[in-house]
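Worksheet for the structure shown next.
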Amino acid sequence: MKTMSKLILGLLSVTVIFTGCNEAPQAKQKETLKASITEESLGLRKTGLYAEDDTSATKTEYRAAAPGSSTRLKRAFQDAPPMIPHSLEGLVPIKIDNNQCLGCHMPNMAKLVGSTPIPKSHFTNFRPSTHIIDGEVVKSGVVLNNTSTKDLQDVSIVRQGELVGARFNCTQCHAPQSQGNLAVENSFEADYTQKNGASRSSWSGVKLMEGIDTSKAGN
């Protein structure tokens, strides 16, 4: 019996010793993790997650240069909507019957003032006039039994001499560029398909209509 008691006490002592040896590295590891990983080190904001008192966003710095005195910004990629390099004071809100942008960016005026001209795509109507007449679908004056036909009868491409109504809201695609500091630097480099792709649109009304018979469109 005494022998069994001594054996049990010996095993307990060994267990305590090994348990203590295992706990020491784990405790140090936890202390190291606690010291190296903080809430402030996670994400981009670099501030605590439980209060907003000491957190403020980077100030937005839009360009204040007046139209005609600003430096043109490069397009992000070929045919990307160009960013607005000048102040929008007095130019917004843009309305379909009051659009100050047209004063400088209509093609005929753009040549005189050196601004970016509105491309041909904005003078092309891709929205067919659709009506239901006597239970039939009529698009651009043509009755269609199928609104998605193989011969593309449902496609409407009409060139206009004025800006298409669907394109009146310039700031829907074009926006001013903030000059504030970036949380993550942009390393993207554009590979333009045209030599002047950084400043001009390559849209000629041909590429996007390839395979579509436009011989009767807009005539």
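All of the numbers you see were taken from the coordinates with simple rules; none came from a lab. As the structure is a prediction and not an experimental result, all values here were calculated from the model. Methodologically, a virtual Cβ is constructed for each residue, glycine included, from the backbone with ideal geometry; neighbour enumeration extends over all protein chains shown.
In sequence order, the stretch 58-65 has phi-based couplings of 5, 5, 7, 10, 6, 5, 9, 5 Hz under the Karplus curve 6.51 cos²θ - 1.76 cosθ + 1.60, θ = phi - 60°, and Gly or Pro positions carry x. Computed from the C-beta positions of I37 and Q160 and an R0 of 41 Å, the FRET efficiency is 0.10 to the nearest 0.05.
Projecting label points 7 angstrom from Cα along Cα→Cβ for F126 and Y50 puts them 5.2 nm apart. Between N169 and K74, the contour length at 0.36 nm per residue exceeds the Cα-Cα span by 32.1 nm. In this structure, the amide hydrogen of I84, modeled 1.01 Å from its nitrogen in the peptide plane, lies closer than 5 angstrom to those of A175, Q177, counting only residues at least 5 positions away or on a different chain. How big is the Cα convex hull of the stretch 90-196 in projection, averaged over all directions, in nm²? Hull-based average projected area comes out at 12.1 nm².
For the residue pairs K59/K111; K46/K195; K74/K139; K95/K120, the alpha carbons lie more than 32 Å apart in K59/K111; K46/K195; K74/K139.
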